[in-house]
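Inspection log for the structure reproduced underneath, given as structure tokens.
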Amino acid sequence: MLRYILQRGALALAVALVVSFATFMLLNFATDPASAIAGEDATPEVVERIRVAYGLDRPVMVRYFDWLGGGAQGDFGESYYWNKPVGELALERAPVTITLALSALMVTIVIAIPLGAIAALNPNSWADRFALTFAVSAQAMPNFWLGLLLIILFGVMFPILPISGDSTWQHYVLPAFVLGSSSVPAVMRLTRTGLIEVMESDYIRTARSKGYRGLGLLRRHAMRNALLPVVSVLAVQLGQKFGGSVITESVFAINGLGRLALQSILGSDIPTVQMLIFIFAITFVLMNLLADLLNAALDPRIRIG
């Protein structure tokens, strides 16, 4: 198991380095950082002075390794737009995004797993068709459109929930539902497929012969094995929530990392954008690593292979 962990950890580190390099190069070649700092009306002389003052006249590879070395020590540079350390900005906004991501994951679990179980226990029934229809609808619905619908419904027509901000737990209800609903189709279908496969197993037929039926059979025998792949998928989905929070946080005016990313892009704040893309990518890589380790722990055949 230790060898498997080291192999997957080394691969995750390699992916993180590739992502950081690609992000740095694309952002620095897509626009001129000195011009972004100086503004549209700046003269060439002012732009050149800013380029020298910020060290932007050095070769791009030198700047990349300086940025990577600083990032390893927690120093991601200074924000051009906010005029404060980028790491400080991230620490201020991160708790909001983490809370939103975890809340969205809970929404996914509460909706997807029961729907998948109901559909699996009643294949080809009206309940199964309803669950599949709900999954297809949720997958086809853009987050921003669903968010606007909920704002109109629960903020305008029936004003029972706040539609912007992040000061209380009520502020997270609507955005968590929007962000969590996007993962419902995948988790629901995986739960349904896993349960249908497990329900045809020999040990389930033995349990039925002993008198187990319905929820008792599901809880004590079927669900434990059927949810093994779902656990690893949920870990990946949690990583996706961080990157997917950009639209949701912008729609509901939540001051998390997602909204900070959009504001930084609009303000041409390259150091902040670099850091946020790197954080989102690292989070996704770590969640994938966690999913691999969970799979290996639950199924020894994976780490043996």
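Restricting attention to segment 123-165, the residues that are small (Gly, Ala, Ser), within 30 Å of THR193 (Cβ to Cβ) and either open to solvent by 40 Å² or more (accessible area, probe 1.4 Å) or free of Cβ contacts under 8 Å to residues at least 60 places away in the same chain (or both) total 6.
Per-residue answers, yes or no, for (1) surrounded by fewer than 20 Cβ atoms within 10 Å (Cβ to Cβ); (2) of a type outside the set (S, T, N, Q); (3) closer than 13 Å to ARG93 by Cβ:
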site	(1), (2), (3)
GLU249	no, yes, yes
GLY256	no, yes, yes
LEU262	yes, yes, yes
SER268	yes, no, no
MET275	no, yes, yes
THR283	no, no, no
LEU286	yes, yes, no
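Between ALA10, ALA36, ALA14, the distinction of being part of a helix (DSSP H, G or I) and modelled with pLDDT under 80 belongs to ALA36 only. Pick from segment 81-94 the residues that are without any contact (Cβ under 8 Å) to a residue 24 or more places away in the chain and outside any loop (DSSP other than H, G, I, E, B): which of them is surrounded by the fewest Cβ atoms within 10 Å (Cβ to Cβ)? Top of the filtered list is LEU91.
Against the list (1) closer than 26 Å to THR191 by Cα; (2) without any contact (Cβ under 8 Å) to a residue 12 or more places away in the chain; (3) open to solvent by less than 30 Å² (accessible area, probe 1.4 Å), the condition LEU100 fails is (2). Is there any pair with a first residue in segment 37-66 that is charged (D, E, K, R) and a second that is open to solvent by 80 Å² or more (accessible area, probe 1.4 Å) and at pLDDT below 80 whose Cβ atoms are under 9 Å apart and which are 6 or more apart or on different chains, and what are they? If the second residue must be open to solvent by 80 Å² or more (accessible area, probe 1.4 Å) and at pLDDT below 80, the pairs left are GLU48/ASP57; ARG51/ASP57. Within segment 103-151, being β-branched (Val, Ile, Thr), at pLDDT below 85 and farther than 13 Å from PRO185 by Cβ holds for one residue alone: ILE118. Going by what's in this entry, would PHE76 be described as part of a helix (DSSP H, G or I) and touching a residue at least 12 places away in the same chain (Cβ under 8 Å)? No; evaluated as a whole, the condition is false for this residue.
Among the residues that make up segment 183-197, is at least one of them in contact (Cβ under 8 Å) with a residue 24 or more places away in the chain, closer than 23 Å to VAL233 by Cα, under 24 Å from the mean Cα position of the chain (by Cα) and part of a loop (DSSP other than H, G, I, E, B)? The answer is yes; a qualifying residue exists.
Checked against the criterion of being open to solvent by 50 Å² or more (accessible area, probe 1.4 Å), under 24 Å from GLY244 (Cβ atoms) and modelled with pLDDT under 80, segment 54-76 contains not a single residue that satisfies it. Selection of segment 253-295 for residues being in a helix (DSSP H, G or I), aliphatic (A, V, I, L, M) and over 17 Å from the mean Cα position of the chain (by Cα) yields ILE265, LEU266, ILE270, LEU293, LEU294.
Taking (1) of a type outside the set (Val, Ile, Thr); (2) surrounded by fewer than 15 Cβ atoms within 10 Å (Cβ to Cβ); (3) touching a residue at least 24 places away in the same chain (Cβ under 8 Å) in turn, HIS171 satisfies each apart from (2).
Can you find even one residue in segment 222-234 that is part of a helix (DSSP H, G or I), at pLDDT below 80 and in contact with a Lys or Arg (Cβ under 8 Å, 6 or more places away or on another chain)? Among the residues of segment 222-234, not one is part of a helix (DSSP H, G or I), at pLDDT below 80 and in contact with a Lys or Arg (Cβ under 8 Å, 6 or more places away or on another chain), which makes the answer no. The numbered conditions (1) under 30 Å from GLY165 (Cβ atoms); (2) open to solvent by 70 Å² or more (accessible area, probe 1.4 Å); (3) at pLDDT 85 or above are all true for PHE21 except (1).
Out of the residues in segment 39-49 meeting the condition of being at pLDDT 80 or above and surrounded by 11 or more Cβ atoms within 10 Å (Cβ to Cβ), tell me which one is nearest to the chain's Cα centre (by Cα). That would be VAL47.
The values are calculated or read from the model by the stated rules, or taken from the named source; none is laboratory data. Predicted, not measured: the structure shown is a model, and the values here were computed from it. With ideal geometry, Cβ positions are generated from the backbone for all residues, glycine too; neighbour counts draw on all protein chains shown. Just so you know, the surface numbers come from the protein's heavy atoms only, side chains and all, with ligands and any DNA or RNA stripped out. Shrake-Rupley method; radii C 1.70, N 1.55, O 1.52, S 1.80 Å.
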